[in-house]
Amino acid sequence: MTLNSLQLQAFKAIRKKIIYCDLEPGKKISEKNLEELLNIGRTPIRESLIQLRQQELVYTIPQSGTYVSKIDLKAAENARFTREHLERQIMMECCAKLDEQTIKILQTVLDEQEKAAANKNKRDFFAADNLFHEICFEIAHRQEIWSWLDDHNTHLERFRWLRVITSGLPWATILEQHYRIFEALIAKNPDEVNFLTSVHSHMMLNEKEIVVQRFPEYFKKN
C-alpha cells in the first residue's frame, strides 16, 4: 500500500472516530496512540493530522499537544444554512430526474434506515441518513457539491451524531421526514420537496438546546 493510500486510510479512520465521538471533543491525542490504535505508521498519521487541522477537527497547542476540537455551534449552524439552501435546489432537480431505478435505490436506503431503527443500531441509522441525502445529490448529478459539503460540515456532522444518540429525541422523526420527502419526489412535486427539505434542515434549530444540555462538555463556549 502506498504512502498516499495509507494517509487517506488514516485520515478517514481518525475523522470517523472524531465524528462518532470515539475520540471525544477536547480529548488530547498523540501520533503514537493513533499509530497503535489504527495499526498505521507514524508518517501517514502525521500527514492525516495536517488534513484534520484544515477541517478544524483537531488543533495543536505548542509544548502541550494535539487535541480534538470541541464542536463549534456557530460553524455547525453556518454549515446547516449552506446545506439547506443548496439542498433545496438540488432536491428539486432530483425530483425532475428521478426514475424507476433510482426510486428503488432510495427505497432500499429507507428500508435499511428503518431496519437500523428497529435494531437500535445507531451507526447504521446515521450512515443510512447520510446515504439518503447523498444519493439524492447523485440523482441530480451534483455529487461534487455533496463532496464539497462533506469536507466543510464536520461540526454539523458531529452535532447530528449527538442528536442521534440523545435520549428523548426519537429517530422516527427523521425517518418520517425522509419518507415524506421520498413521496414528494415520486409525486414529482417540487414545491412540496422544497418545503419538506427546509423543514428537515431546521431540525437542528429546534433541537439544539436539548443536545447541548445533554453533552455540554463537547461544545465550544463562544
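In this label model, Ile165 and Arg46 are separated by 3.1 nm, measuring between points 7 Å along each Cα→Cβ vector.
For Lys70, a cut-off of 28 angstrom between C-alpha atoms picks up these lysines, skipping any fewer than 8 places away in its own chain: Lys12, Lys16, Lys17, Lys27, Lys28, Lys32, Lys120, Lys122, Lys208, Lys220, Lys221.
Taking the Cα centre of the stretch 91-130 as origin and charging only Cβ (+1 Lys, Arg; -1 Asp, Glu), how large is the dipole, in debye to the nearest 20? Kindly include the intermediate steps, with their values, before the conclusion.
On the way: 6 positive and 8 negative charges, 48 e Å.
Charge dipole, the stretch 91-130, about its Cα centre: 240 debye, nearest 20.
Full-extension gain between Lys16 and Asp111, please, as 0.36 nm times their residue separation minus the C-alpha to C-alpha distance. Please report the intermediate quantities before stating the final value.
Details: separation 95, 0.36 × 95 = 34.20 nm, distance 2.37 nm.
Length gained, Lys16 through Asp111: 31.8 nm.
Round to a whole angstrom and tell me the spacing of the C-alpha centers of the stretch 135-178 and the stretch 10-54. Rounded to whole Å, the Cα centres lie 22 Å apart. Each Cα pair under 8 Å and six or more residues apart adds its separation to the average, and for the chain the resulting relative contact order is 26 percent.
Read-outs throughout are calculated quantities, based only on the coordinates presented, and are distinct from any laboratory measurement. What you see is a predicted model; the values in this text were computed from it and never measured. All Cβ positions, even for glycine, are placed from backbone atoms using ideal geometry, and neighbour counts span all protein chains on display.
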